[in-house]
Amino acid sequence: MRASGLARRLSRRPNTLAAAVNEFLAAQNGSASSTQLAAVPLRPSIEALASANPALPVPWIGLRLFSSLPTHTELSMPALSPTMSQGNLVAWHVKEGQEIAPGDVLADVETDKATLSWENQDEGFVAKLLVAEGAQNIAVGTPVALLVDEAEAVAAFKDYAPAAARGGAAEAAAPAAAEVPPPAPTAPRNSRIGPAARTLLETSGIPAELVNPTGPNGIITKGDVLAAIEAGVKPPAADKTKAAAAPPPQQPQQPQQQQQQQRQQAPADAAPRAPAAPAPPPQPPAGATYTDVPNSQIRKIIAQRLQESKQTIPHLYVSADVDLEGVNGLRQALKQQGAKVSVNDCVIKAVALALADVPAANCYWDVAQQAAVPTGAVDISIAVATDTGLITPIIRGADKKPLQQIAAEVRELAGRARANRLKPEEFQGGSFSISNLGMFGVDKFFAIINPPQACIMAVGGARQVATLQGGQPASRSQMTVTLSADNRVYDGEVASQFLAAFSRHIANPYRLFQ
């Protein structure tokens, strides 16, 4: 039986709280509970129950929620994307006392991907809005609103405060979190200690006798020492004094090491230095005008994810120059027929066909399996710049869609992305990313992999290059593309095969209609 079930039983048995609690304990133990509570009439406060039954566990004090307020439901900050851990509440679309139904939009929430509408899943009345508009960095799962079944119950939550309602339980539970003494060593000991463990023991000052060994034949491992430190094992005071009075003999040092040690040593009677204060932020020149622009939640998450990508994924970079003469001719022919197709649309289709030709390139790295796993579908993510940050709407099944359909989808998705109107399923997932800066005059650049994908292709702008055709000088249109690939999934051979397939399709654009 959950707490909500207990609340329903309390509403059916208003004469005593103890009867419902006893029934709950019996259900938890699977039989009649050995802990029986004295009968205490149900009152707005539960202190009488706690005083009449001192053995009652502290968590039961939380029942104050049910005895002092009408039955209600907490609405918590939802995870509107798989990677969302916190969000900003941009605007409420409901107000206190309003009746709502499933499907109604409760609020606009800025996630790590975009600003999304949070839709209601229940019916009732809004009793209390716990978070104001514009609140930032709200952790997923944090209560932000209360919902009740009847309009008459809204007035009971006029002065409701989450901290006050639950502060008693938190304060009562705090003394229970007393420091747990470290466990006594029970395993047989061995005089052998690994070098890493020995270094940790010397650094921490913890005697080996206070560490519980778990290694083979009672050997103390590095993990055992770390576990002892986390458990709060401290070196004896006598050992500390002895160590301070009689430092260990110094090993012969090189002159460079001696100079470094002399710079680091300080007089024994000198007071410890206070940590240096952080440098103040640079100030604008006197009289200069400026505007502070707050960083959006999306940009913060993008910076964090890209830093993690560069630090944890081995990036492999491979570049190639591809011919655009065929694409230019195709676009001119379509333009005469009234159809508008961009170079980027052709790139998307060519990438999709290349991934279908080289399945090893359409994979991602599975951390749990420690292996490259096929994605199963060719879904192309397109980087789109918005006012709040970068977002990647997805062309799903791009290898099976005609070029003109891809062009229409790209225009429609990019427009809604810039208006922050994408649905989560339209930008979550994808098997391969494309970032195009050619329209900004960039010839070549290196993109950062967008996890969990294994590759992103950076597309530069078109340029005219001099070539020889039939022994005669000629000018042709080319562009440079650069793969940034996860070297655990792509090796040089896979990357080369993919670029060869891409170059073949982009040079013969009439295949893009197949």
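The values are calculated or read from the model by the stated rules, or taken from the named source; none is laboratory data. The shown structure was predicted, so the numbers you read here are calculated from the model rather than taken from an experiment. No Cβ is skipped: glycine too gets one built from the backbone with ideal geometry, and neighbour counts run over all protein chains shown. Side chains included, ligands, DNA and RNA excluded: accessible areas come from the protein's heavy atoms. Shrake-Rupley method; radii C 1.70, N 1.55, O 1.52, S 1.80 Å.
Within the stretch 114-139, the set of residues being assigned to a loop (DSSP other than H, G, I, E, B), over 11 Å from LEU75 (Cβ atoms) and open to solvent by less than 60 Å² (accessible area, probe 1.4 Å) comprises ALA114, GLY134, ALA135. Residues in the stretch 466-498 that are closer than 18 Å to VAL327 by Cβ and basic (Lys, Arg): ARG476 only.
Results for (1) out of contact with any strand residue (DSSP E or B) (no Cβ under 9 Å at 6 or more places or on another chain); (2) modelled with pLDDT under 95; (3) open to solvent by 10 Å² or more (accessible area, probe 1.4 Å); (4) farther than 26 Å from GLY441 by Cβ, shown as yes or no for each residue.
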site: GLY470; (1), (2), (3), (4): yes, yes, yes, yes
site: PRO473; (1), (2), (3), (4): no, yes, yes, no
site: ARG476; (1), (2), (3), (4): no, yes, yes, no
site: VAL481; (1), (2), (3), (4): no, no, no, no
site: GLY492; (1), (2), (3), (4): no, yes, yes, yes
site: ALA495; (1), (2), (3), (4): no, no, no, yes
site: ALA500; (1), (2), (3), (4): no, no, yes, yes
site: ARG504; (1), (2), (3), (4): yes, yes, yes, yes
site: ARG511; (1), (2), (3), (4): yes, yes, yes, yes
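Among the residues examined, SER433 qualifies as in a strand (DSSP E or B) and either under 27 Å from ALA385 (Cα atoms) or of a type outside the set (Phe, Trp, Tyr) (or both). Taking residues in the stretch 373-392 that are closer than 16 Å to LYS349 by Cα, and partners anywhere that are at pLDDT below 90 and assigned to a strand (DSSP E or B), the pairs with Cβ atoms closer than 6 Å and at least 6 places apart or on different chains are ALA383/LEU390.
Count of the stretch 424-455 residues, restricted to those that are closer than 15 Å to TYR490 by Cβ and of a type outside the set (Val, Ile, Thr), is 11. Among the numbered conditions (1) touching a strand residue (DSSP E or B) at 6+ places or on another chain (Cβ under 6 Å); (2) modelled with pLDDT of 95 or more; (3) of a type in the set (A, V, I, L, M, F, W, C); (4) open to solvent by less than 20 Å² (accessible area, probe 1.4 Å), the only one that ALA354 does not meet is (1).
This table checks each residue for (1) in contact (Cβ under 8 Å) with a residue 40 or more places away in the chain; (2) over 14 Å from SER319 (Cβ atoms); (3) in contact with a Lys or Arg (Cβ under 8 Å, 6 or more places away or on another chain).
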residue	(1), (2), (3)
ILE406	yes, yes, yes
PRO424	yes, yes, yes
ILE449	yes, yes, no
GLY470	no, yes, no
TYR510	yes, yes, no
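Taken over the stretch 73-109, the criterion of being open to solvent by 20 Å² or more (accessible area, probe 1.4 Å), touching a Ser or Thr at 6+ places or on another chain (Cβ under 7 Å) and outside any loop (DSSP other than H, G, I, E, B) is satisfied by SER76, VAL90, VAL105, ASP108.
The residue of the stretch 75-91 that is farthest from VAL105 (Cα to Cα), among those that are among the hydrophobic types (A, V, I, L, M, F, W, C) and modelled with pLDDT under 85, is MET84. Number of residues in the stretch 153-169 that are out of contact with any Ser or Thr (no Cβ under 9 Å at 6 or more places or on another chain) and at pLDDT below 70 equals 6. I'd like the full set of residues that are touching an Asp or Glu at 6+ places or on another chain (Cβ under 8 Å) and not polar (S, T, N, Q), limited to the stretch 365-389. Selection gives TRP365, ALA372, VAL373, VAL378. Restricting attention to the stretch 395-435, the residues being open to solvent by 10 Å² or more (accessible area, probe 1.4 Å) and either of a type in the set (Val, Ile, Thr) or touching a Phe, Trp or Tyr at 6+ places or on another chain (Cβ under 9 Å) (or both) number 5.
A quick yes/no check of all residues on (1) under 16 Å from LYS444 (Cβ atoms); (2) under 41 Å from the mean Cα position of the chain (by Cα); (3) open to solvent by 80 Å² or more (accessible area, probe 1.4 Å):
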{"position": "ALA303", "(1), (2), (3)": "no, yes, no"}
{"position": "GLN307", "(1), (2), (3)": "no, yes, yes"}
{"position": "GLN311", "(1), (2), (3)": "no, yes, yes"}
{"position": "VAL318", "(1), (2), (3)": "yes, yes, no"}
{"position": "GLU325", "(1), (2), (3)": "no, no, no"}
{"position": "GLY329", "(1), (2), (3)": "no, no, no"}
{"position": "ALA333", "(1), (2), (3)": "no, no, no"}
{"position": "VAL341", "(1), (2), (3)": "no, yes, no"}
